[in-house]
Every structure is written in structure tokens, then in C-alpha cells.
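Visitor: I'd like to ask you about the structure that follows.
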């Protein structure tokens, strides 16, 4: 079922260096070929979450969230995500949800 619409899913990649960015670029090409619908790119050092959606074979950046906000990010918009949990920084208190 490679590349069919029924294989749509999500992925997440953790990157925090220039070399890792090159690997992420290669992975994104594979994910696009396999019709992965959404990808999150997480950089814990920069405290950044980028949310991408595959549209017409190309990745679109939907949102970039940083810091310790509480966000809702595709494809899980029903769930409040506390970003500080991604950075392993529980001492920081979350902020108001954003979309």
C-alpha cells in the first residue's frame, strides 16, 4: 500500500544540529513519497516545535511553536500539548493555549 492515501500517518523527528537537519531533509523526502500526512520537527536545544503538513507532495509549515506555551498542533488539535514536556523542563510553567 505504499504511497496510497490509506497509509497516511504522522511522524516526529528530533533534530538539534546542522548535520541532523540534513538527515531530516532526507527523511522528509521519504515521508512525502510514502504520503505521511504530518510531521513534527522538534529541536529541544532551540525549544522549537515545527508542524508540517504534506499538501500536493510538498511540505507546508503550519506552525512554529517555541518556549513553554501550551499549544494545539495538527494532527492532534483536540489535545493541549505542554511544550515544556518536550524540553524536559518541568520547572517551567505552561502558558495559555494557542493554535
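Each reported figure results from applying straightforward, stated rules to the coordinates on display, with no laboratory input. Quantities reported herein were computed from a predicted structural model and do not represent experimental measurements. Cβ sites come from the backbone with ideal geometry, for glycine too, and all protein chains shown count toward neighbours.
Visitor: Given the stretch 19-69 reduced to its alpha-carbon atoms as identical point scatterers, what log10 I(q)/I(0) does the Debye formula return at q = 0.12, 0.16, 0.32 Å⁻¹?
Guide: -0.27, -0.47, -1.23
Visitor: Describe numerically, in nm with one decimal, the distance between label points set 7 Å from Cα along Cα→Cβ at residue 63 and at residue 11.
Guide: Going from the residue 63 label point to the residue 11 one covers 2.2 nm.
Visitor: What's the center-to-center distance, using Cα atoms, between the stretch 19-41 and the stretch 51-92 in Å?
Guide: 16 Å
Visitor: Now for a separate question. Taking neighbour Cβ counts within 10 Å as the exposure measure, how do 11, 16 sort from fewest upward? Spell out each step's value before the answer.
Guide: Working: 11 16, 16 13.
Ordered from fewest to most neighbouring Cβ atoms within 10 Å, 11, 16 come out as 16, 11.
Visitor: What FRET efficiency do you get for residue 32 and residue 88 if R0 is 35 Å and r is their Cβ-Cβ distance, rounded to the nearest 0.05?
Guide: Once the sixth-power term is evaluated, E becomes 0.70.
Visitor: Treat the count of other C-beta atoms within 10 Å as a stand-in for reagent exposure and order 43, 80, 69, 88 from fewest to most.
Guide: Result, fewest neighbours first: 88, 80, 69, 43.
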